[in-house]
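Right, one structure below, let's go through it.
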Amino acid sequence: MLTKTWSAAIQGLDAYTVEVEINASGFGNETIISIVGMPDTAVRESRERVWSAMSCSGFHPPEGRTTINLAPADIRKEGAAFDLPIALGMIAATNGFDRQALGKTMILGELALDGSIRPIRGALPMAMHALRNQIPNLIVPEVNAEEAAVAQGLNVFGIRHLSQAVEFLNGTEALNPTKVDINQLYNQAGKSSLDFADIKGQESARRALEVAAAGGHNLMMIGPPGSGKTMLARRLPSILPALSLEEALEVTSVHSIAGLLPEHTALVLERPFRSPHHTVSDAGLLGGQSNPRPGEISMAHHGVLFLDELPEFKRHVLEVLRQPLESGRVTISRATGAYTFPANFMLVAAMNPCPCGHHGSTQRQCRCNYGQIQRYRSRISGPLLDRIDIHVDVSPLHEDQLMNRRQGEKSSCLAERVTKAREIQLRRFVDSPVFCNAQMTPAQMDASCRLDQQSASLMRYAIKEMNLSARAYDRILRVARTLADLDNAKEIQPMHITESIQYRLLDRQMW
């Protein structure tokens, strides 16, 4: 008997429909189950999981030869999410329940050997796919039900066991669809425990981080060990604007596909902060494997990617950042096709001024010679530095600053100013996909970054004295526009240009 169930799979960040066809012929004395449709190892092994789960749940697998086809057959299938639709199709093929109930339901789930259902990756993007394709019902593992229910308008049913799924489809057990109140999720979202008030001193670095957050700019901190670079970076998400619903859906989808979404979590409402170790590979940073999954830069989408000890990263690993920093996405090509992941993040990097970390310090003597310092700094290429808008020096604290009480501004105060500046930018770019100054197109820069005579003279002097590239010139204008937005100024003033030029520390000849 031939029966069909509907499932879904992930390709890159997008989901597509998989039609699971089961033909239980009943011919032959030996029970044979074969799976076709370009299955990977995990999918082929579902034969054993399905057989054991059905037997432990009181169902008899079809006798004779059973062929399972996963269509479309020209796309490689991976993962264990096809276990449940295969098992339900086999039960329906042996008249376990009415096959008509399968026609309007998409089914996802991994089976344990005892018939219980384990969570899967990518429940949210597959639920959004079912909603777009007007499939009214979705059966998922109970752990993934709240995540999938974020797709408003879809009937999501969380299932714990194979027998429960059969009873539900057979009409003998009624289940209420899982509902999620998105407004309530936002109201219950907790605030970060990290606060800028915890940091002593470092007023110039605080100001640079506020400017970076207000305009979405990339930032580099240069300072000796122990000066507070990591503490500052970890508190940056606390002053960034809250995620919009569209941004939260994208972030949650990426985390779900990567398998890093906590159980019973509906939405990720905090901006991500990713800090990979300097031994990370280019595949770990960009994403990899035969069927690529999101890498660290995609996990930092709409958040912060912090690279501590930047010169210690492999040169070719750092160079792969150049294209995502410009485009906001990363495309990985494989023999099976091209996979595109979002990668719209703020890059925050930290480094020492020299190998020993004390070059230019008034407190400790540097042990490095000129050649060692130059080799250390040359590990970071000029094109990558050009893509970092703000360079700031983080000096060590004096004894008076260390002994004094913490008196810095709280993150809530900084976040209020940052949010107001972002609102100005949203109104400015209302008819374009751009939402912050760091993403301005050349045409938008011409319209929004006009300079008066004094500001133009300052820029001309900086270009000549600092040998600025065209990209560095654009970065200075973007940061100056953000400084003007923080001051609620319609036009860029000379003081904004001056402060913006000061943030190009690595372009100065004597650095």
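Quick notes on this structure:
- Rounded, prolate or oblate (a/c below 1.5 giving rounded, otherwise prolate when a/b exceeds b/c) for the stretch 252-359 by Cα gyration tensor: oblate
- Interchain or long-range residues, amide H under 5 Å from Met220's placed H: Ala349, Ile390, His391, Val392
- Formal net charge of residues neighbouring Ser163 (Cβ-Cβ distance under 15 Å; K, R +1; D, E -1): -4
- In order along the stretch 488-497, the Karplus-derived 3J(HN,Hα) couplings, from 6.51 cos²θ - 1.76 cosθ + 1.60 at θ = phi - 60°, round to 6, 9, 6, 10, 6, 9, x, 5, 6, 5 Hz, and Gly and Pro are given as x.
- Taking every Cα-Cα distance in the chain and sorting them into 20 Å bins starting at zero, the pair-distance distribution P(r) comes out as 21, 44, 25, 10, 0 percent.
- Span from the the stretch 344-387 Cα centroid across to the the stretch 438-511 one, whole angstrom: 24 Å
- Cα-based equivalent ellipsoid, the stretch 357-511: semi-axes from gyration tensor eigenvalues, Å: 31, 23, 15
- Percent of Cα-Cα distances greater than 28 Å, calculated over the stretch 109-261: 42 percent
- Rolling a 1.4 Å probe over the protein heavy atoms gives the chain an accessible area of 46 Å² per residue.
- Burial order of peptide ranges 144-156, 46-58, 311-323 (average beta-carbon count within 10 Å, highest first): 144-156, 46-58, 311-323
- Charge-dipole axis of the chain as Lys and Arg at +1 and Asp and Glu at -1 on Cβ define it, positive-most pick from Leu267, Ser333, Phe306: Phe306
- Value at 222 nm in deg cm²/dmol, rounded to 500, when DSSP H runs of n ≥ 4 in the chain each add -39,500 (n - 2.57): -10500 deg cm²/dmol
- Dimensionless Rg over Rh [the stretch 1-112; C-alpha; Kirkwood]: 0.94
- Straight Cα distances below 24 angstrom link Lys490 to the lysines Lys420, with same-chain residues fewer than 8 positions distant left out.
- Candidate lysines - alpha carbon under 25 Å from Lys179, same-chain residues fewer than 8 apart omitted: Lys104, Lys191
- Taking the Cα atoms of the stretch 341-445, the ratio Rg/Rh between the radius of gyration and the Kirkwood radius comes to 1.08.
- Spread of Cα-to-Cα distances over 5 Å intervals beginning at zero, given as percent, for the stretch 228-275: 4, 20, 26, 21, 16, 10, 3, 0
- When only the Cβ of Lys, Arg, Asp and Glu is charged (+1, +1, -1, -1), the dipole of the chain relative to its Cα centre reaches about 1500 debye.
- Under a model in which nothing but the beta-carbon of Lys, Arg (+1) and Asp, Glu (-1) is charged, the stretch 26-82 shows a dipole of about 60 debye around its Cα centre.
- Charge dipole (the stretch 291-432, unit charges on Cβ, about Cα centre) - positive-most of Gly371, Ser411, Ala421: Gly371
- For the chain: relative contact order, % (alpha-carbon pairs under 8 angstrom, 6 or more apart): 13 percent
- Each residue of the stretch 201-208 is assigned a 3J(HN,Hα), and the resulting list reads x, 6, 4, 5, 5, 4, 4, 4 Hz, derived from the Karplus form 6.51 cos²θ - 1.76 cosθ + 1.60 (θ = phi - 60°), x at Gly and Pro.
- A dipole drawn for the stretch 431-511 from +1 and -1 charges on Cβ atoms has a positive end, and of Thr498, Val434, Ala484 the residue lying farthest that way is Thr498.
- Taking the Cα centre of the stretch 123-257 as origin and assigning +1 to Lys and Arg Cβ atoms and -1 to Asp and Glu Cβ atoms, the resulting dipole is close to 560 debye.
- Under 5 Å between amide hydrogens, built in the peptide plane, is the criterion, and for Arg293 it picks out Gly288 among residues at least 5 positions away or on other chains.
- Calculated from backbone phi, Karplus (6.51, -1.76, 1.60) coupling profile of the stretch 218-232 in Hz, x at Gly/Pro: 6, 9, 10, 10, 10, x, x, x, x, 7, x, 5, 5, 4, 5
- The overall shape of the stretch 252-301, judged from the alpha-carbon gyration tensor, is oblate: a/c is not under 1.5, and a/b is no greater than b/c.
The values are calculated or read from the model by the stated rules, or taken from the named source; none is laboratory data. All figures in this text were calculated on a predicted structure; none of them were measured in a lab. Heads up, the Cβs are rebuilt from the backbone with ideal geometry, glycines too, and the neighbour counts pull from every protein chain shown. Surface accessibility is based on the protein's heavy atoms, side chains included, excluding ligands, DNA and RNA. Shrake-Rupley method; radii C 1.70, N 1.55, O 1.52, S 1.80 Å.
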